[in-house]
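Below: one structure, written as structure tokens.
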Amino acid sequence: MKITFTATLVLLSTVLISKMVVAQTPTATDIVRKADEQFNGEKSSYSIMSMTIIRPGWKRTIEFKNWTLERDYALTLITAPAKEAGQSFLKRGSEMWSWNPSISRLIKLPPSMMSQGWMGSDYTNDDILKESSVVNDYTHKIVGEETIGGRLCYKILMTAKEDASIVWGKQIRWIDKKDFLVMKAELYDEDGYLVRTETGSDIQVMDGRTITSKIEMVPEEEPDNKTIITILEIKFNSPVQESFFSQQQMKRVR
């Protein structure tokens, strides 16, 4: 069979295009990493947030500031309401503390408290202090595509690694293909039971990048309960040093 020069070019072009498509297709881990960096910053972040805790008979709102540096450092300061203002929480590596100025007491938080609710909300201490890493503590697999909130998303299964000390045994995340926004997340315990569902909305551009500025979380067993976090301001990769994350800073940060 005679192969013409034109046919050879077509064949080579097809092979090259196929290789380029494969090279440009991100892996599941790449997608999770990009989404994490899009929301938390590649190195550091500073944010002002409000958290509204909703129950069938009442609701209350807490305002706080949050500083992070990579995965090892986090400092959170409660700014409102007045009776709780000044409380702070610190993470350095695997060690965590809370400071209560009304009783001048510094408490070290044991790992067992990471799964407990933060400030009476449906979020855990682990969520706020970011003890676990969605990139390093899980294996990742693309299991499909779905449209959430009008955006086409990768559907990614995240399974906890055996040696990871984390709260959630499994997560399913729907990550927007365009801007790598987490539009929805389902979090499961170690026995595979769905514990809570989070949805992201109110997409805005803050400090030059697109994010979901509102995150609504509903516990599976208490569907009448809800916690809503609203990002009021956020700055990414701000110059903050490890020395900022200290017990002394917990007591004087404003």
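Before moving on, here are some points about what is shown:
- Qualifying GluC sites (Glu not before Pro) in region 95-160, DSSP loop, other Cβ atoms within 10 Å at most 11: none
- Proximity of backbone amide H atoms, modeled 1.01 Å from N, is registered between TRP118 and TYR123, THR124, ASN125 at under 5 Å, excluding neighbours fewer than 5 places apart on the same chain.
- Neighbour net charge for MET51 - beta-carbon separation under 14 angstrom, K R +1, D E -1: 0
- Residues whose amide H lies under 5 Å from that of SER238, counting only those 5 or more places away or on a different chain, are SER44, SER45, TYR46; hydrogens are built 1.01 Å from N in the peptide plane.
- Using just its DSSP H runs of length 4 or more, each adding -39500 (n - 2.57), the chain gives a mean residue ellipticity at 222 nm of -5000 deg cm²/dmol after division by all residues.
- Unsatisfied cross-links (Cα-Cα over 28 Å) in the set LYS34/LYS235; LYS34/LYS91; LYS91/LYS214; LYS59/LYS184; LYS65/LYS177; LYS83/LYS170: LYS65/LYS177; LYS83/LYS170
- Trypsin sites (Lys or Arg not before Pro) restricted to DSSP loop in region 107-189 with at most 16 other C-beta within 10 Å: LYS161, LYS177, LYS178
- J(HN,Hα) series, region 242-247, from Karplus relation 6.51 cos²θ - 1.76 cosθ + 1.60, nearest Hz, glycine and proline x: 4, 5, 5, 8, 9, 5
- Three-way shape label, region 28-252, alpha-carbon gyration tensor, a/c 1.5: rounded
- Measuring r between the beta carbons of SER94 and LEU152 and using R0 = 35 Å, the FRET efficiency lands at 0.40.
- 0 to 90° range, to nearest 10: angle between helix 28-40 axis and the chain longest Cα axis: 40
- Full extension of the chain between ALA80 and ASN237 gives 54.0 nm of extra length, using 0.36 nm per residue less the Cα-Cα distance.
- Rough spin-label spacing in nm, given labels placed 7 Å along Cα→Cβ, for GLU220 and ILE142: 2.6
- Region 35-89 and region 170-199 have their alpha-carbon centroids 20 Å apart.
None of the figures in this text is laboratory data; all of them are computed from the coordinates on show. It should be emphasised that the depicted structure is a prediction, and the values quoted were computed from it without experimental measurement. Positions of Cβ are backbone-derived with ideal geometry, glycine not excepted, and every protein chain shown enters the neighbour counts.
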